[in-house]
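A.B. asks: First, the structure itself, so that you have it in front of you.
The values are calculated or read from the model by the stated rules, or taken from the named source; none is laboratory data. Every value quoted in this text rests on a predicted model; they were computed, and no experiment measured them. Using ideal geometry, Cβ is built from the backbone for each residue, glycine included, and neighbour counts are taken over all protein chains shown. For the accessible areas, the whole protein counts, side chains as well, though only heavy atoms, and no ligand, DNA or RNA atoms are used. Shrake-Rupley method; radii C 1.70, N 1.55, O 1.52, S 1.80 Å.
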Amino acid sequence: MSTTTVLIVIVIFVVATVLLCSLPFVHRASQRRSKPASPHAPVAVAPATDGPVAAQVPSGATFSSGLASSRRTLRDRLASINRRRPDEATWESLEEALLGADVGVATTMTALERLRGTAADQGIVDADELVHALADQMRAALDADRALHATAPGREGATPVWLFVGVNGVGKTTTIGKVGARLSADGQLVVMAAADTFRAAAASQLQTWADRCGAELISGSSGADPSSVVHDAVSAAAARGADVVLADTAGRLQNRKNLMDELAKVRRVADREPGAVAETLLVIDATTGQNGLSQARAFAEATDVTGVVLTKLDGSAKGGIVFAIEAELGLPVKLVGLGEGPDDLVDFDADSYVNALLGVDADDPGLSGP
């Protein structure tokens with residue numbers, strides 16, 4: 001037998017031995033692959049679809065559920081006046097309740113002065129009736145125009161731009177995403193402008209929302225001129241025949257003068273042809289209460305704000321902040337956040353809000369409970 005033949009036989013023998021030895025391991029690996037998944041294994045999350053977020057996730061948020069915490073706080077403070085004749089202690093309890101709900105000192109004093117006059121004129125002798133009269137008065141006070149304008153007055157042919165302003169952390173970017181999802185669900189073509197170029201996560205966060213609701217995102221490099229991003233977004237929207245541009249902006253309040261100068265420039269650029277600013281929405285975090293209100297004043301004074309978006313109202317026990325905003329800033333609350341869901345940003349409705357805050361609507365069992 002030749003040397004070559006011997007070598008071939010040896011190689012075949014070695015390969016066969018290796019294959020035979022590996023069979024148990026292959027079998028065990030096959031068993032592991034075919035074994036049912038452990039009940040404790042993480043559940044895979046399906047990727048987001050291209051459809052509008054608002055159309056996919058039904059909203060469970062209502063003013064009643066969103067204001068439950070505020071309502072409980074008010075009820076606790078007003079418990080001592082139930083079924084009593086109004087006296088000075090009653091008025092003190094009402095004052096404490098309104099101040100505790102963050103209605104604001106000036107607004108509370110004005111409201112109670114008017115309520116005293118109403119009580120005298122109508123001969124109110126029951127504290128519960130007094131609370132109902134207060135609810136009527138509150139509803140009447142919230143009579144501002146809350147419409148979101150699709151076009152700028154006198155600029156009907158221009159591409160409408162909605163600017164979102166406010167300090168960092170109030171939820172501007174998320175608000176833009178939710179508004180975009182809502183408009184897309186209504187069949188509108190939306191372009192988003194990531195003009196907060198100083199916060200790296202802002203563009204990425206906005207891109208996620210744009211992908212979900214089928215909007216187009218225009219962004220720039222980190223630290224780029226925000227006005228140039230808005231200009232590019234308006235130009236792109238005009239070229240594509242988009243219905244609206246939603247523009248994010250920075251909120252670095254520690255550099256107040258620089259920030260306000262920047263926002264003023266952004267607005268000037270957004271208002272040039274082919275664009276026109278239809279809304280400048282100030283976003284305020286309801287959980288910050290009067291602190292948020294003082295910050296908001298800086299934006300209201302420096303920019304031509306047309307309305308307020310009040311976020312995280314469901315997470316605050318101080319839901320009365322709406323009255324302070326409208327009385328002290330002179331701005332209508334147009335949208336409120338009542339939950340974490342993509343479509344839990346809803347139009348502000350004064351009747352539903354007051355009923356839910358005070359729990360006075362007996363026709364709705366959801367408002368009569370805690």
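A.B. asks: Considering (1) open to solvent by 20 Å² or more (accessible area, probe 1.4 Å); (2) within 22 Å of G337 (Cα to Cα), say which one D102 fails and leave the rest.
C.D. replies: (1)
A.B. asks: Here are some conditions: (1) more than 30 Å from K318 (Cα to Cα); (2) out of contact with any helix residue (DSSP H, G or I) (no Cβ under 8 Å at 6 or more places or on another chain). S294 meets all but one. Which one does it not meet?
C.D. replies: Answer for S294: the failing condition is (1).
A.B. asks: Looking at (1) of a type in the set (D, E); (2) under 19 Å from I284 (Cα atoms); (3) over 17 Å from the mean Cα position of the chain (by Cα), which one does D248 not meet, given that it meets all the others?
C.D. replies: Failing condition for D248: (3).
A.B. asks: Here is a further query. Got at least one residue in the range 299-313 being touching a His at 6+ places or on another chain (Cβ under 8 Å) and among the β-branched types (V, I, T)?
C.D. replies: Looking for residues that are touching a His at 6+ places or on another chain (Cβ under 8 Å) and among the β-branched types (V, I, T), one finds at least one in the range 299-313, hence yes.
A.B. asks: Could you tell me whether the range 33-40 includes any residue that is surrounded by fewer than 13 Cβ atoms within 10 Å (Cβ to Cβ), in a helix (DSSP H, G or I) and modelled with pLDDT under 50?
C.D. replies: yes
A.B. asks: Can you name every residue in the range 162-176 that is of a type outside the set (A, V, I, L, M) and modelled with pLDDT under 95?
C.D. replies: G166, N168, G169, G171, K172, T173, T174
A.B. asks: Here's a follow-up. Please find, among A238, A193, A264, the residue that is among the hydrophobic types (A, V, I, L, M, F, W, C), assigned to a helix (DSSP H, G or I) and either under 16 Å from the mean Cα position of the chain (by Cα) or at pLDDT 95 or above (or both).
C.D. replies: Exactly one residue qualifies, and that residue is A238.
A.B. asks: State whether one or more residues within the range 158-173 are of a type in the set (S, T, Y) and surrounded by 22 or more Cβ atoms within 10 Å (Cβ to Cβ).
C.D. replies: Yes; the residues of the range 158-173 include at least one that is of a type in the set (S, T, Y) and surrounded by 22 or more Cβ atoms within 10 Å (Cβ to Cβ).
A.B. asks: Hey, among the residues in the range 241-258 that are open to solvent by less than 80 Å² (accessible area, probe 1.4 Å) and in a helix (DSSP H, G or I), which one's nearest to G169 (Cα to Cα)?
C.D. replies: Ranking the candidates gives L253 first.
A.B. asks: Then there's this: Limited to the range 120-131, what total is found for residues that are over 11 Å from R85 (Cβ atoms) and buried (at least 17 other Cβ atoms within 10 Å of the Cβ)?
C.D. replies: Selection size over the range 120-131: 1.
A.B. asks: Given the criterion farther than 17 Å from A135 by Cα, open to solvent by less than 20 Å² (accessible area, probe 1.4 Å) and at pLDDT below 50, identify the matching residue among V53, V57.
C.D. replies: V53
A.B. asks: If you don't mind, another one. Filter the range 267-279 down to the residues that are part of a helix (DSSP H, G or I) and in contact (Cβ under 8 Å) with a residue 60 or more places away in the chain, then identify the one that is most open to solvent (accessible area, probe 1.4 Å).
C.D. replies: Of all residues in the range 267-279, those part of a helix (DSSP H, G or I) come to 267-270.
Next, from what is left, pick out any that are in contact (Cβ under 8 Å) with a residue 60 or more places away in the chain: 267, 270.
Details: R267: 54, A270: 0 Å².
Residue satisfying both the conditions and the ranking: R267.
A.B. asks: Going residue by residue through the range 177-191, is there one that turns out to be open to solvent by less than 10 Å² (accessible area, probe 1.4 Å) and closer than 24 Å to D261 by Cα?
C.D. replies: So far as the range 177-191 goes, no, none of its residues is open to solvent by less than 10 Å² (accessible area, probe 1.4 Å) and closer than 24 Å to D261 by Cα.
A.B. asks: For the range 193-222, enumerate the residues that are out of contact with any Gly (no Cβ under 9 Å at 6 or more places or on another chain) and either under 14 Å from G251 (Cα atoms) or open to solvent by 50 Å² or more (accessible area, probe 1.4 Å) (or both).
C.D. replies: A200, A201, A202, S204, Q207, D211, E216, S219, S221, S222
A.B. asks: Further, regarding this structure: Suppose the filter is under 17 Å from R272 (Cα atoms), of a type in the set (S, T, N, Q) and touching a residue at least 12 places away in the same chain (Cβ under 8 Å); does S222 pass it?
C.D. replies: no
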